[in-house]
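Shown next, in structure tokens, is the structure this report addresses.
The values are calculated or read from the model by the stated rules, or taken from the named source; none is laboratory data. Keep in mind that this is a model prediction, so the values were computed, not measured. Ideal geometry is used to build each Cβ from the backbone, glycine not excepted, and the neighbour counts take in all protein chains shown.
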Amino acid sequence: MKVLLNAAFFLEIVKMLFFTYGKTDAIKLKIRSKDSTLLRPFLVSLSDVDNVHISKNVFIHAGLVLRILGDCQLFIGEGTYIGPNTHISGTQGEIIIGKKVMIADNVLVSTAAHKYRDVLRPIKDQGYESKGNIIICDGSWIGVGSIIMSGVRVGKNSVVGANSVVTHDIPPFSVAAGSPARIIKRYDTTEKRWLDTRS
């Protein structure tokens, strides 16, 4: 059994050698996350592999785009699932994804945004800025195609609906949807029931 596991691990390394952009960083990341599953990423670009912290039993589906540059730190908690073609990027601060989080396909999580204030310079030449850390708390679910912007906290056991753009904090035990995302349901811990907040 151990031989088969080692063979599978080696096969994944070979795939990364031939099919992944940023293959050196991808292989370093794969070696560091042996207790988790990292299927073949699309692109991995790291300023320092030590800035990425992946806990046990994390499953990261194929097609990941991971750019953790500058002094940005990424933390992924135990038992978290990250779906296909997810894009996680940052140039500063922290991206913290808690335990047993579910992130669906094609989600963008980014603390990096282009500066644009100098109208005399191309935006491409103005660098990046961030509004703060991203924290996705334990047990939450990020729906397919959603965008989580910098400076946002998604509360414990909350749901972000498909194709939502999260620009503000989402409280614990809530459902948010839309662009920008708004709270549409919340769980009342006193009444012990879900309340529809749309009116």
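So here's what we get for this one:
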item	result
Checklist (1) more than 20 Å from Ile183 (Cβ to Cβ); (2) touching a Gly at 6+ places or on another chain (Cβ under 9 Å); (3) free of Cβ contacts under 8 Å to residues at least 24 places away in the same chain; (4) buried (at least 16 other Cβ atoms within 10 Å of the Cβ) applied to Leu66, failing item	(3)
Whichever residue in segment 91-120 is modelled with pLDDT under 95 and either more than 20 Å from Ser150 (Cα to Cα) or crowded, with 17+ Cβ neighbours inside 10 Å (or both) and, among such residues, is farthest from the chain's Cα centre (by Cα)	Leu120
Sole residue being farther than 16 Å from Thr37 by Cβ, buried (at least 18 other Cβ atoms within 10 Å of the Cβ) and within 15 Å of the chain's Cα centre (by Cα), chosen from Ile76, Ile136, Ile82	Ile136
